[in-house]
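Colleague: A single structure is presented below for examination.
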Amino acid sequence: MATRRDELANAATDYALEHGLIGLSLRPLAEALGTSDRMLLYHFRDKDDLLATILSTTSERSVGSLRELPAARDLRHAVLDLWRAVTTGPQQRCQRLYVEAAALGLFGREPYATAVRASNADWVSGVAAHFRRVGLSPAAARQVTLVVDATFMGLQLDQPLDSAAVQRRAVRDLADAVAARWGGRDQSGSA
């Protein structure tokens, strides 16, 4: 059974996914949630606790959506399916929020730095599981995850600058390269 804190965490996460983290203020958030900033601070230790909870909830949703992806028919399609998932619908908003938090965490700002580290560990595990469903060994799935995730992050950061066609081509090229490197018999992850 969900507690009031859980309900507020989910509602606050929905709000942050819609409005972003930068400039998030307790009063407008509380008003949008139909409560007061004092009640938010009753349920969350402070604003940092609320932000960390929002980031944790977003991470849980993101990794949960990975588990819901059907197994792809091969590694190339697993890469393409993952790109579609992270660039559409609710997952796209989760990715955008992650980028905000990662940028703030990069400069050592808390609670972002700590929350992003935890989120990264969960995300890498979820993405690797996605690639394991097409038959990759754990080591190969981890290596593919690192390559694909780093490329996806770069593409997402460049999204406002690149056309959709340029990005689609880059993702297809990435999928082809990953399939050529790890889609064969040697899936140990070694070079």
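Colleague: Cα-based Rg (one decimal) and Dmax (whole number) for segment 103-172, in Å?
Modeller: When restricted to the Cα atoms of segment 103-172, Rg and Dmax are 14.4, 39 Å.
Colleague: Here is a further query. Please list 3J(HN,Hα) in residue order for segment 108-121, calculated via the Karplus relation 6.51 cos²θ - 1.76 cosθ + 1.60 where θ = phi - 60°; whole Hz, with x for glycine and proline.
Modeller: Karplus values, whole Hz, x for Gly and Pro: x, 6, 9, x, 4, 4, 5, 5, 5, 4, 5, 4, 4, 4.
Colleague: Taking the Cα atoms of segment 1-90, what is the range of coordinates along each of the three principal axes, in descending order and whole Å?
Modeller: For segment 1-90, the Cα extents along the three principal axes come out at 51, 30, 20 Å.
Colleague: Follow-up. If Rh is defined by the Kirkwood formula over all Cα pairs and Rg also comes from Cα, what ratio Rg/Rh do you get for the chain?
Modeller: Across the chain, the Cα-based Rg/Rh ratio is 1.03.
Colleague: Nearest 500 deg cm²/dmol is fine: what mean residue ellipticity at 222 nm does the chain get from its DSSP H runs of n ≥ 4 alone, each adding -39,500 (n - 2.57), divided by its residue count?
Modeller: About -25000 deg cm²/dmol.
Colleague: What's the angle, to the nearest 10 degrees (0 to 90), between helix 47-68's Cα axis and the longest principal axis of the chain?
Modeller: Rounded to the nearest ten degrees, it is 30.
Colleague: Could you go through segment 83-99 in sequence order and give the Karplus-derived ³J(HN,Hα) for each residue, using 6.51 cos²θ - 1.76 cosθ + 1.60 with θ = phi - 60°, rounded to whole Hz, and x for Gly and Pro?
Modeller: Coupling constants for segment 83-99: 4, 4, 5, 7, 10, 9, x, x, 5, 4, 5, 5, 5, 4, 5, 4, 4 Hz.
Colleague: Using θ = phi - 60° and the Karplus relation 6.51 cos²θ - 1.76 cosθ + 1.60, list the HN-Hα couplings for segment 32-39 in order, rounded to whole Hz, with x at every Gly or Pro.
Modeller: 3J(HN,Hα) across segment 32-39, in whole Hz: 5, 8, x, 9, 10, 5, 5, 5.
Bear in mind these aren't lab numbers, they're just calculated from the coordinates by the rules spelled out. Worth saying up front: this structure is predicted, and the values here are computed from it rather than measured.
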